[in-house]
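J.: Mind having a look at this structure? Questions to follow.
The values are calculated or read from the model by the stated rules, or taken from the named source; none is laboratory data. If you're wondering where the values come from, they're calculated on a predicted model, not measured in any experiment. Positions of Cβ are generated from backbone atoms using ideal geometry, with glycine treated the same way; all protein chains shown enter the neighbour counts. Note: areas computed on protein heavy atoms with side chains; ligands, DNA, RNA excluded. Shrake-Rupley method; radii C 1.70, N 1.55, O 1.52, S 1.80 Å.
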Amino acid sequence: MLVNGTWSTAWHPVQAKDAKGGFVRQTSSFRHWVTPDGSPGPTGEGGFPAEAGRYHLYVALICPWASRTLIARALKQLEDVVSVTVLEPALTDEGWRFGNDAVCRPDPLNGATHLHEIYTRADPAFTGRATVPVLWDRTSQTIVNNESTDIVRMLNSGFGVLADDLVDLYPEPLRLEIDSLNEHMYPRLNNGVYRAGFATTQAAYEEAFADVFAMLDELEDRLDGRRFLVGDHLTETDIRAFVTLVRFDAAYYGLFKCNRRRIADYPKLSTYLKRMLSIPAIAKTVNIDHIKRGYYSIKALNPNGIVPVGPDLPFAPR
């Protein structure tokens, strides 16, 4: 991680832990907003007006949080408005690294080798972890935001007429239900798999394991007679669920020891995944090879770096 702007130690998955040995995720540090006119956003920070070509996303295809933003960007037809650089899937001792192949390209804006250099360019005294996604402003030469929840909502409504107004991932009549399900699902499933995988005590692991499968059971029941999780069309809650579900059998089931059942063993969740993957804007953000290579590069969990050949995923994009 970075300490006062200097990389201090080899990357490690356990950012912090609680008294029971449970995994604690770092709070995002940059919480500014892009709005149609540059006025303050929900966190009270403004000054970033919507402009085509001004903003750039740094992402990794392994990361569910980063993939949320890629899906929102595609669904809102902002791919020609907000540019993207994909980082390498395998985590190095200095965290996320820029690549030089057909998918993972060099940093086009700052000439960085590792993502942490982007953080210190924005804040030379930054202390913390360099995480994805990052929304960068070319004009101000700084990070606008590194919280996926904020970035998804910015992409949904912050770019005004530049985005497709026929798609609304956070419709006003459904916001209370969306927020409620998001808040319920995040600690139990989205972060629950990480709490299981990175637990440092048996008790913390078993607590997280129970939460993960209780939430999966709830979602299976919720999808009885429903196409999507809230209302009758896709919302940001579906994006939040999808990015975890699509990684589950390939990574969380084995590496994170969430091995009671696979998503393939849930009939309604499996159908739901296929439905989500039938949407081209979503399917093109999924790279199972990057997901497996990325997660199985975590030395604390897989010191030999062997990437499993399987499993066969009946719902995976071809």
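J.: Using a 1.4 Å probe, how large is the accessible area of ARG97, given in Å² and rounded to the nearest 10?
T.: 90 Å²
J.: Still on this structure: With only alpha-carbon atoms in the gyration tensor, what are the semi-axes of the equivalent ellipsoid for region 73-220, in Å, largest first?
T.: 30, 25, 14
J.: While we're on this one: So, in nm, how far is label SER180 from label ALA214 when the simple model puts each one 7 Å beyond its Cα toward the Cβ?
T.: Spacing of the two 7 Å Cα→Cβ label points: 1.8 nm.
J.: Have a look at the chain and give its Rg and Dmax from the Cα atoms, expressed in angstrom.
T.: Radius of gyration, then largest Cα-Cα span, for the chain: 18.8, 53 Å.
J.: Have a look at GLY99, GLY160, GLY44 and tell me which one the Gaussian network model of the chain (Cα, springs below 10 Å) gives the largest fluctuation.
T.: GLY44
J.: Kindly work out what percent of the DSSP beta bridges joining two residues of the chain are antiparallel, to the nearest 5.
T.: 70 percent
J.: Further, regarding this structure: What is the packing order of peptides 188-197, 284-293, 164-173, taking the mean over residues of other C-beta atoms within 10 Å and listing the highest first?
T.: Numbers: 188-197: 22.8, 284-293: 18.8, 164-173: 12.9.
The packing order, highest mean first, is 188-197, 284-293, 164-173.
J.: Quick one: length gained pulling ASN4 to ALA203 fully straight, 0.36 nm per residue minus the C-alpha distance?
T.: 68.2 nm
J.: Between THR113 and ASN259, what length comes free when the chain is fully extended (0.36 nm per residue of separation minus the Cα-Cα distance, one decimal in nm)?
T.: Between THR113 and ASN259, full extension yields 48.9 nm more.
J.: Let me ask another. Using a 1.4 angstrom probe on heavy atoms only, work out the carbon and sulfur share of the accessible area of the chain in %.
T.: On the chain, the fraction of accessible area on carbon and sulfur atoms equals 50 percent.
J.: Leaving ligands, DNA and RNA out of it, rank HIS114, HIS233 by accessible area with a 1.4 Å probe, largest first.
T.: From most accessible down to least: HIS233, HIS114.
J.: May I ask you to derive the FRET efficiency for ASP164 and ASN100 from their Cβ-Cβ distance with R0 = 41 Å, giving the value to the nearest 0.05?
T.: Computed FRET efficiency for ASP164 and ASN100: 0.80.
J.: Pull up the cross-link candidates among the aspartates and glutamates for LYS257, meaning alpha carbon to alpha carbon under 17 Å and not fewer than 8 places away within one chain.
T.: Partners within reach: GLU206, GLU207, ASP211, ASP249, ASP265.
J.: What is the sum of charges, Lys and Arg at +1 and Asp and Glu at -1, for the other residues whose Cβ falls under 11 Å from the Cβ of ALA250?
T.: Result for the local shell: +1.
J.: Compute the accessible area per residue over region 175-290, keeping the other protein chains in place, probe 1.4 Å, unit Å².
T.: Accessible area per residue: 39 Å².
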